[in-house]
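Peer 1: Below is one structure. I have some questions about it.
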Amino acid sequence: MKKEIISDKQGINITTLFLFGSTLIMGTGGESKNSLWLAIILGLILAVPIVMVYGRISYRYPGRDLYDILQEVFGKITGKALSMIFIWFSFHLGSLVLRNFGEFMSTVGLPETPKIVPIIIFSLVCALGVKYGIEVIAKCSCFFIIIVISLLILFIILTIPNMEPENLLPIMGNGLAPILKGAFSVFTFPFGELVVFLLVFDSLSKPESAMKVYLKALFFGGFFIAFVGLRNVMVIGESIDNVYFPSYSAVSRINIGNFIQRLEVSVIIIFILSGFIKISICLLSSAKGLAKLFEFKDYRFLVIPVSLLMINLSDILFDNTMEMSEWSQEVWPYYAFPFQVILPIVILIAIEVKERFKKNKIRSEQNSDT
């Protein structure tokens, strides 16, 4: 199978859109209420060291994905067992984003249509993109990022008349605890989810630049997520934690001269474009992982079966939007933390220990020869 290659710029675009994913629509860190912007900034700061861990792992094994690294470091059996854990995480994450999309569309776009219908259509479109490979997804991201950023800036400008800065006061009025809890939520959704790129970033044209790609995308994406969160708080107020789709709600209030209004439908475009990238990356990493697990030469024939399984899982995950929202806020941060933090740190420690042992062995052999 021909090795797929993407440039650093394409890698940054994909990673940024992945961060946007369902975050800009579903919102994150709502439990911090009017201090949401502080929670996002704190979550971004907390994400920097763990993202550097991801970059260090990629740097140690340039041109190889995490599945190959795990078998190299831990051996075939343990490596495959750990690979199964990351396959599940990326598969589950893709199913969650699919369900987010289905709930959003059935709530605000197609209320008379069963949510499984947009889920199926969107999943199959993502599967088609993955079958063409990450190079095609990367080329799409260069076009998508322009549209998404342009719409974000436009919506922020148009909501200025609806912004009430007093909604930000009092700063830390509810104490430090809600901010810390919100920061932890923001850290795990979306910043910690970048761990999925360890499974696909073997395609970078300059493998040693993985750290740069991670950090640039983290700060660029984090800036817009923080700005959108700030806008949503100023428009919606403290009740933001009770709103399922805060960005949609904020944009729906745009009404300039009874002429520029009803723009909230355009929010769907942001979700479709960024959600396509996020689901595609999760689907790609899952299919690649299964191919490595069973030692197949190509992952493409697994894409459709995996996407169908994603559809089924996304359909049975939750009973309604309220349950989905509660699970995202109360369960996801603690569920995702081992995948995003504990395992990567353990893997990096094992890599560093093995590299040091290898250097000591080489040094001792050289000394014995002399």
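The values are calculated or read from the model by the stated rules, or taken from the named source; none is laboratory data. Being a predicted model, the structure only gives us computed values, none of them experimental. Cβ sites come from the backbone with ideal geometry, for glycine too, and all protein chains shown count toward neighbours. Heavy atoms of the whole protein, side chains included, go into the accessibility calculation; ligands, DNA and RNA do not. Shrake-Rupley method; radii C 1.70, N 1.55, O 1.52, S 1.80 Å.
Peer 1: For the range 348-361, which positions are within 12 Å of residue 61 (Cα to Cα) and not charged (D, E, K, R)?
Peer 2: 348, 351
Peer 1: Then there's this: Looking only at residues that are closer than 14 Å to residue 345 by Cβ, open to solvent by 10 Å² or more (accessible area, probe 1.4 Å) and more than 17 Å from the chain's Cα centre (by Cα) in the range 50-65, which one is modelled with the lowest pLDDT?
Peer 2: Applying the filter and picking the extreme gives 60.
Peer 1: Also: Do the conditions hold for residue 183, that is, is it free of Cβ contacts under 8 Å to residues at least 60 places away in the same chain, closer than 23 Å to residue 26 by Cα and either in contact with a strand residue (DSSP E or B) (Cβ under 9 Å, 6 or more places away or on another chain) or in a helix (DSSP H, G or I) (or both)?
Peer 2: Judged against the criteria, residue 183 is not a match.
Peer 1: Looking only at residues in the range 117-127 that are within 22 Å of the chain's Cα centre (by Cα) and under 18 Å from residue 316 (Cβ atoms), which one is most open to solvent (accessible area, probe 1.4 Å)?
Peer 2: Among residues in the range 117-127 that are within 22 Å of the chain's Cα centre (by Cα) and under 18 Å from residue 316 (Cβ atoms), the one most open to solvent (accessible area, probe 1.4 Å) is 120.
Peer 1: So how many residues does the range 328-370 have that are open to solvent by 80 Å² or more (accessible area, probe 1.4 Å), part of a helix (DSSP H, G or I) and hydroxyl-bearing (Ser, Thr, Tyr)?
Peer 2: 2
Peer 1: Turning to a different aspect of this structure: Can you tell me which of (1) of a type outside the set (D, E, K, R); (2) within 23 Å of residue 244 (Cα to Cα); (3) open to solvent by 10 Å² or more (accessible area, probe 1.4 Å); (4) assigned to a helix (DSSP H, G or I) is the one residue 111 doesn't meet?
Peer 2: So the condition that residue 111 fails would be (4).
Peer 1: Which residue, of 234, 172, 211, is in contact (Cβ under 8 Å) with a residue 40 or more places away in the chain, over 22 Å from the mean Cα position of the chain (by Cα) and either buried (at least 16 other Cβ atoms within 10 Å of the Cβ) or part of a helix (DSSP H, G or I) (or both)?
Peer 2: Testing whether each residue is in contact (Cβ under 8 Å) with a residue 40 or more places away in the chain, over 22 Å from the mean Cα position of the chain (by Cα) and either buried (at least 16 other Cβ atoms within 10 Å of the Cβ) or part of a helix (DSSP H, G or I) (or both) leaves just 234.
Peer 1: Also, I was wondering about something else. List the residue pairs whose Cβ atoms are under 9 Å apart, where the first residue sits in the range 238-250 and is at pLDDT 85 or above and assigned to a helix (DSSP H, G or I), the second is open to solvent by 40 Å² or more (accessible area, probe 1.4 Å) and among the basic types (Lys, Arg), and the two are 6 or more positions apart or on different chains.
Peer 2: 240/33
Peer 1: Could you run through the range 14-49 and say how many residues are open to solvent by less than 20 Å² (accessible area, probe 1.4 Å) and under 17 Å from the mean Cα position of the chain (by Cα)?
Peer 2: 17
Peer 1: Now a separate question. On the given criteria, is residue 253 over 30 Å from residue 78 (Cβ atoms) and out of contact with any helix residue (DSSP H, G or I) (no Cβ under 8 Å at 6 or more places or on another chain)?
Peer 2: So residue 253 fails the test.
Peer 1: Residue 245: open to solvent by 30 Å² or more (accessible area, probe 1.4 Å) and of a type in the set (Phe, Trp, Tyr), yes or no?
Peer 2: In short, no.
Peer 1: Mind listing whichever residues of the range 273-297 are buried (at least 20 other Cβ atoms within 10 Å of the Cβ) and either among the β-branched types (Val, Ile, Thr) or part of a loop (DSSP other than H, G, I, E, B) (or both)?
Peer 2: 277, 279, 281
Peer 1: Go over the candidates 260, 269, 256 one by one and state the one that is modelled with pLDDT under 95 and in contact with a Pro (Cβ under 8 Å, 6 or more places away or on another chain).
Peer 2: 256
Peer 1: Tell me which residues, restricted to the range 128-150, are touching a Gly at 6+ places or on another chain (Cβ under 8 Å) and open to solvent by 20 Å² or more (accessible area, probe 1.4 Å).
Peer 2: 136, 140
Peer 1: Considering only residues that are outside any helix (DSSP H, G or I), over 25 Å from residue 133 (Cα atoms) and among the charged types (D, E, K, R), which ones fall in the range 298-327?
Peer 2: Of everything in the range 298-327, just one residue is outside any helix (DSSP H, G or I), over 25 Å from residue 133 (Cα atoms) and among the charged types (D, E, K, R), namely 319.
Peer 1: Sticking with this one: Output the number of residues of the range 300-327 satisfying the condition of being open to solvent by less than 10 Å² (accessible area, probe 1.4 Å) and free of Cβ contacts under 8 Å to residues at least 60 places away in the same chain.
Peer 2: 0
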